[in-house]
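Quick one: this structure, given as structure tokens, is what I'll be asking you about.
The values are calculated or read from the model by the stated rules, or taken from the named source; none is laboratory data. In this text the structure is predicted, and so the values were computed from the model without any measurement. When we count neighbours, we look across all protein chains shown, and the Cβ atoms used for this are built from the backbone with ideal geometry, even at glycine. Note: areas computed on protein heavy atoms with side chains; ligands, DNA, RNA excluded. Shrake-Rupley method; radii C 1.70, N 1.55, O 1.52, S 1.80 Å.
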Amino acid sequence: MSDRRFETTTVHAGATEDNLGGFRPVSEPLHLAVSYVADEMAMADAVFAGEREGYVYGRYGNPTVRAFERAVADLEGGEDAIAFGSGMAAVHAALLGAGAWQGRTLVSAGDVYGATYALQRNLLSEQGVRTTFVDAADRDQVRGALERERPAALVCETISNPLLKVADLCWLAEAAHAVGAALVVDHTFATPYLARPLDLGADYVVHSATKYIAGHDDVMAGVVVGSAQPIDDLRERQKLLGANCGPQQAWLALRGMRTLALRMAQHCANASRVAEWLLQQDRVAVVNYPGLPAHPQHELAERLFGGRGFGGMISFDLRGADKPQVFQFMDALQLVQPATTLGDVFSLVLYPAHSSHRALPPETRRALGIGDGLVRLSVGIEHADDIIADLAQAMTSLG
Ligand SMILES: Cc1ncc(COP(=O)(O)O)c(C=O)c1O
């Protein structure tokens, strides 16, 4: 674990362990080999036995993937990390690691990424794991569910998708631990630039590294960070379940991560400006952004994120709009791209009701506050004036 400043850690974390006869490459090499031959069979035997680090087979470990894992562990202040082929594989692994087995229960924020919701509500329930969904901002509701269910884990997102609620991680960790539950935090929206959930009591931190960590729309990967033993246990499971992150993906993610601090500073600055602008538009009924003083968890966000900013994600309700009008708005955009992702250098919009949260029944979406006019905006690192100009012309096109 490094005690250097975040900006320095993003550049140097996970530095290569390669040494070519006394010469060390500056940037991480890309190791594509699937299998490795040890100098002596006893060395490979020790790796298979888990008695030493080393490489025998791609599903058991790869040096480029390991460099990426060490880097994210460093950024999050965790003892170790393990990478997966997608954010969802990482969410699934973290839940398994936290004890989502037959006969156990979970308590989860209802306002989470749609696939995380559906994973718990549909797939895990088929496997005998029941999930109670709560409003993570309602302490009585959370405490009540924890005491009633005595769950294996409490699941939340630091900044929620798509309503941008902010989780009180210290309080949630204490409440979860009081009933013997682990706290699993999806930190995709906030990134370690804004906060480090492990320092605040979380047990597992999950990232869709597809998003801000990689940041350039060319990687699909996920990571789980935590203490050494739980991550080691996940590594053993990964040998059986697969879902590994490939070396090219890890290499690109690590390459992207080197500029995370710079990108996040720009995302935060741009999003603040765009949120302020949206707030003044007649066509916009509601703006969800933790940086706005009217946001219900604005003070919490200020404390949690220590003045670094409030992230690059915004959601807003187009006043009185239904699906065709939202589509008309999205089709009219020329710079901001209507794409099914977030956290990239590009500004992106998404309609949660038809993509990220499509798996939720419409009545559940409505009950959560995901209305037919809700648009999610991932503010990129272009010039804020250009982003605003594009949003303005698309709104004008609505008449
Ligand atoms: C908060 C959050 N967690 C997890 C995921 C899943 O990540 P991936 O698409 O890499 O599987 C997403 C995807 O959008 C997300 O927004």
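Got a number for residues in the range 131-173 being part of a helix (DSSP H, G or I) and touching a strand residue (DSSP E or B) at 6+ places or on another chain (Cβ under 9 Å)? First the steps, then the outcome.
First, pick out the residues of the range 131-173 that are part of a helix (DSSP H, G or I): 139-149, 169-173.
When the remaining residues are screened for being touching a strand residue (DSSP E or B) at 6+ places or on another chain (Cβ under 9 Å), the result is 141-142, 144-146, 148-149, 169, 172-173.
So the answer is 10.
Related question: I need every pair where a residue in the range 79-106 that is farther than 22 Å from L172 by Cα has its Cβ under 6 Å from the Cβ of a residue that is in a loop (DSSP other than H, G, I, E, B) and away from the ligand (no atom under 11 Å from the Cβ), sequence separation at least 6 or different chains.
Qualifying pairs under 6 Å: Q102/G128; G103/G128.
Check whether at least one residue in the range 61-75 is touching a residue at least 24 places away in the same chain (Cβ under 8 Å), crowded, with 20+ Cβ neighbours inside 10 Å, within 15 Å of the ligand (Cβ to nearest atom) and assigned to a helix (DSSP H, G or I), and report yes or no.
Scanning the range 61-75, I find at least one residue that is touching a residue at least 24 places away in the same chain (Cβ under 8 Å), crowded, with 20+ Cβ neighbours inside 10 Å, within 15 Å of the ligand (Cβ to nearest atom) and assigned to a helix (DSSP H, G or I), so the answer is yes.
Suppose we keep only residues that are buried (at least 24 other Cβ atoms within 10 Å of the Cβ) and within 17 Å of V166 (Cβ to Cβ) within the range 196-205. Which one would you say is nearest to the ligand (Cβ to nearest atom)?
Ranking the candidates gives V205 first.
Kindly indicate whether A38 is buried (at least 24 other Cβ atoms within 10 Å of the Cβ) and either over 24 Å from the mean Cα position of the chain (by Cα) or of a type in the set (G, A, S) (or both). Spell out the reasoning first.
Values: buried (at least 24 other Cβ atoms within 10 Å of the Cβ): no; either over 24 Å from the mean Cα position of the chain (by Cα) or of a type in the set (G, A, S) (or both): yes.
No; evaluated as a whole, the condition is false for this residue.
Please find, among A182, A173, the residue that is modelled with pLDDT of 95 or more, more than 16 Å from the chain's Cα centre (by Cα), open to solvent by less than 10 Å² (accessible area, probe 1.4 Å) and more than 16 Å from the ligand (Cβ to nearest atom).
A173
For the structure I just gave you, tell me whether A389 is open to solvent by 10 Å² or more (accessible area, probe 1.4 Å), in a helix (DSSP H, G or I), over 17 Å from R273 (Cα atoms) and not charged (D, E, K, R). Before you say what the answer is, go through the steps one by one.
On the way: open to solvent by 10 Å² or more (accessible area, probe 1.4 Å): yes; in a helix (DSSP H, G or I): yes; over 17 Å from R273 (Cα atoms): no; not charged (D, E, K, R): yes.
Answer is no for this residue.
Have a look at Q141, Q127, Q120 and point out the one that is away from the ligand (no atom under 16 Å from the Cβ), under 18 Å from E157 (Cα atoms) and of a type in the set (S, T, N, Q).
Q141
Something else now. Hey, could you check the range 223-252 for residues that are open to solvent by less than 30 Å² (accessible area, probe 1.4 Å) and farther than 19 Å from G99 by Cα and say which is nearest to the ligand (Cβ to nearest atom)?
The selected residue is C245.
Could you count how many residues in the range 84-107 are open to solvent by 20 Å² or more (accessible area, probe 1.4 Å) and in a helix (DSSP H, G or I)?
Within the range 84-107, residues that are open to solvent by 20 Å² or more (accessible area, probe 1.4 Å) and in a helix (DSSP H, G or I) number 5.
If we keep just the residues of the range 209-222 that are open to solvent by less than 20 Å² (accessible area, probe 1.4 Å) and more than 14 Å from L260 (Cα to Cα), which is farthest from the ligand (Cβ to nearest atom)? Break it down stepwise before answering.
Quick first cut of the range 209-222, residues open to solvent by less than 20 Å² (accessible area, probe 1.4 Å) only: 209-210, 212-215, 219, 221-222.
Subsequent filtering for residues that are more than 14 Å from L260 (Cα to Cα) retains 219, 221-222.
On the way: V219: 9, A221: 7, G222: 5 Å.
Looking at the filtered set, the residue picked out is V219.
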